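Let me begin by presenting the structure, written as structure tokens, before commenting on it.
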Amino acid sequence: MKFGIFMGSTTGNTETAAEAMKAEIEKKVPNSVTIHNVRTADLNAMRDYDVVVIGCPTWNVGELQEDWIEQLPGFKNIDLSGKKVAMYGVGDAKGYAKNFQDSLGILGEVVLDKGGDVHGFWPVDDYNFEMSEGVVDQHFLGLALDDDNESHKTRDRINAWIQQLLVEVGA
């Protein structure tokens with residue numbers, strides 16, 4: 001099984017999370033993960049993977065990271081029909097409590113519109129925020145990370161989420 005992680009990272013937190021995810025996945029499925037920075041990636045390469053993992057921080061007041069903003073028009077043209085897709089976001093629940101993880105909702109809408117089969121829903125129980133476009137039925141549309149306020153929880157959240165994801169996608 002091949003995993004492609006497509007992430008945009010301005011400060012490095014989303015990229016660091018991608019590297020930790022790759023290490024965790026490859027404990028069970030060796031040599032199976034390729035990380036793509038969306039700044040320079042050809043998003044058509046998503047077709048080459050069994051599982052696509054999308055990583056994007058939420059910036060400013062509920063906006064996508066700059067590289068994802070530039071890639072969004074092309075992303076909207078990719079057929080994800082039947083493709084297993086998982087998402088993760090990085091945000092600041094205290095500073096931006098009214099739009100924490102909105103990037104999950106913005107990109108998640110595109111994934112669903114393009115036929116993607118979303119995996120990796122994550123419960124909101126362990127988070128303190130007010131609102132998010134990235135929440136459906138008390139679950140984030142993917143893993144929510146908050147390195148600004150809860151960096152001490154990041155590694156455990158990544159490990160638990162990857163274990164859940166591997167089961168869900170049959171790896």
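Read-outs: derived from the displayed coordinates by stated rules, not from any lab. Predicted model, so just to flag it, every value in this text is computed and none were measured. Note that each Cβ is placed from the backbone with ideal geometry, even for glycine, and that neighbours are counted across all protein chains shown.
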(request) Report whether or not residue 126 is assigned to a loop (DSSP other than H, G, I, E, B) and closer than 18 Å to residue 59 by Cβ. (result) no
(request) Filter the stretch 114-171 for residues that are farther than 18 Å from residue 55 by Cα and in contact with a Ser or Thr (Cβ under 6 Å, 6 or more places away or on another chain) and give the result. (result) 115
(request) Please work out which residue is surrounded by the fewest Cβ atoms within 10 Å (Cβ to Cβ), limiting yourself to the stretch 39-80 and to residues that are in contact with a strand residue (DSSP E or B) (Cβ under 9 Å, 6 or more places away or on another chain) and of a type in the set (Ser, Thr, Tyr). (result) 49
(request) Give just the number: which of (1) more than 15 Å from the chain's Cα centre (by Cα); (2) in contact (Cβ under 8 Å) with a residue 40 or more places away in the chain; (3) crowded, with 17+ Cβ neighbours inside 10 Å; (4) farther than 17 Å from residue 169 by Cβ does residue 96 not satisfy? (result) (2)
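Can you report the number of residues in the stretch 80-123 which are closer than 24 Å to residue 1 by Cβ and in a loop (DSSP other than H, G, I, E, B)?
Of the residues in that region, 9 qualify.
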(request) Mind listing whichever residues of the stretch 37-70 are more than 22 Å from residue 95 (Cα to Cα) and polar (S, T, N, Q)? (result) 37, 40, 44
(message) Looking only at the stretch 129-139, filter to residues that are hydrophobic (A, V, I, L, M, F, W, C) and part of a loop (DSSP other than H, G, I, E, B); which one of those is surrounded by the most Cβ atoms within 10 Å (Cβ to Cβ)?
(response) 129
(request) Determine, yes or no, whether residue 134 is in contact (Cβ under 8 Å) with a residue 40 or more places away in the chain and within 17 Å of the chain's Cα centre (by Cα). (result) yes
(request) Kindly indicate whether residue 15 is part of a helix (DSSP H, G or I), among the charged types (D, E, K, R), in contact (Cβ under 8 Å) with a residue 12 or more places away in the chain and within 22 Å of residue 102 (Cβ to Cβ). (result) yes
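For residue 41, are the conditions met, namely being assigned to a loop (DSSP other than H, G, I, E, B), under 21 Å from residue 83 (Cβ atoms) and free of Cβ contacts under 8 Å to residues at least 40 places away in the same chain?
yes
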(message) For the stretch 133-157, which positions are within 14 Å of residue 120 (Cβ to Cβ) and touching a strand residue (DSSP E or B) at 6+ places or on another chain (Cβ under 7 Å)?
(response) 134, 139, 140, 141, 142, 143, 144, 145, 157
(message) If I go through the stretch 147-163 residue by residue, how many of them are closer than 21 Å to residue 22 by Cβ and crowded, with 16+ Cβ neighbours inside 10 Å?
(response) 6
